[in-house]
Amino acid sequence: MTWLDTSTENCTVQRTLDVIGEKWSLLVLRDAMNGVRRFDDFRGHVGLSEAVLADRLRKLVAAGILTTVPYQEPGHRTRREYRLTAKGWDLWPVMIALKQWGDRYTADPEGPPLEVRHRDCGEQVEAVVVCPTDHGRLDPRQAYTKPGASARAVT
């Protein structure tokens, strides 16, 4: 079965985009990965309406990417913080890859506005594709796509 013979009805890239592929969802995740947890902080920093933010947070919680934790400031009602789950943190390499591409192709002439660095040595981190059997980094010419266990033929 070739790529064009393979149905995309159950494509995991498409399913992932259904969950996180909307601009505001990715920006909420970016902020959550940088320590933002409270609704008003997301709203102020990301700059979106309350209704859109509430919708995106609800979807990310329903997908198990964020979880809510109650908190209460003195004299105020109990509210919820949003925290990344393990499933949410598994998106960190994706965010680094998006940032890396953006730094290369969309940054200001002076360079990127933020750097992500390794705590131990201070070097800038990067997302790479590697072979798990010690062949190191790969470029697209060194990989191929083949039908997986749930591949279906185009009907």
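Rounded to the nearest 20 debye, the dipole size of the range 41-155 about its Cα centre is 680 debye, using +1 on the Cβ of Lys and Arg and -1 on the Cβ of Asp and Glu. The count of lysine pairs in the chain that are at least 8 places apart or cross chains, and whose C-alpha atoms lie under 22 Å apart, stands at 5.
Give the angle, between 0 and 90 degrees and rounded to the nearest 10, that separates the Cα long axis of helix 92-105 from the longest principal axis of the Cα atoms of the chain. In the chain, helix 92-105 runs at an angle near 80 degrees to the longest axis. The label-point distance for Leu17 and His45, in a model that sets each label 7 Å from Cα toward Cβ, rounds to 2.8 nm.
Can you show me the helix-derived [θ] at 222 nm for the chain, built from DSSP H runs with n ≥ 4 at -39,500 (n - 2.57) apiece and divided by the number of residues, rounded to the nearest 500.
Numbers: 6 runs with 55 residues, N = 155.
Helices in the chain give a 222 nm mean residue ellipticity of -10000 deg cm²/dmol.
Taking Cβ atoms as reference points and 9 Å as the exclusive limit, the residues near Thr68 contribute a net charge of +1, counting Lys and Arg as +1 and Asp and Glu as -1. Each eigenvalue of the Cα gyration tensor of the range 1-60, multiplied by 5 and square-rooted, gives one semi-axis; in descending order these are 32, 11, 8 Å.
Taking packing as the residue-averaged number of other Cβ atoms within 10 angstrom, the listed peptides 133-145, 61-73 run from highest to lowest as 61-73, 133-145. To the nearest 10, the accessible area of Ser25 is 0 Å² with a 1.4 Å probe. Return the loop-located trypsin sites (Lys or Arg not before Pro) in the range 9-50 (DSSP other than H, G, I, E, B) with at most 16 other Cβ atoms within 10 Å of their own Cβ; answer none if there are none. Passing sites in the range 9-50 do not exist.
How big is the shadow of the Cα convex hull of the chain, averaged over all directions, in nm²? If you can, show how the numbers build up before the last one.
Numbers: hull surface 56.1 nm².
Convex hull of Cα atoms, orientation-averaged projection: 14.0 nm².
The values are calculated or read from the model by the stated rules, or taken from the named source; none is laboratory data. For clarity, every value in this text was computed on a predicted model and none was experimentally measured. We place every Cβ from the backbone using ideal geometry, glycine too, and count neighbours over all the protein chains shown. Each accessible area value is taken on the protein alone, full model and side chains, heavy atoms only, with ligands, DNA and RNA left out. Shrake-Rupley method; radii C 1.70, N 1.55, O 1.52, S 1.80 Å.
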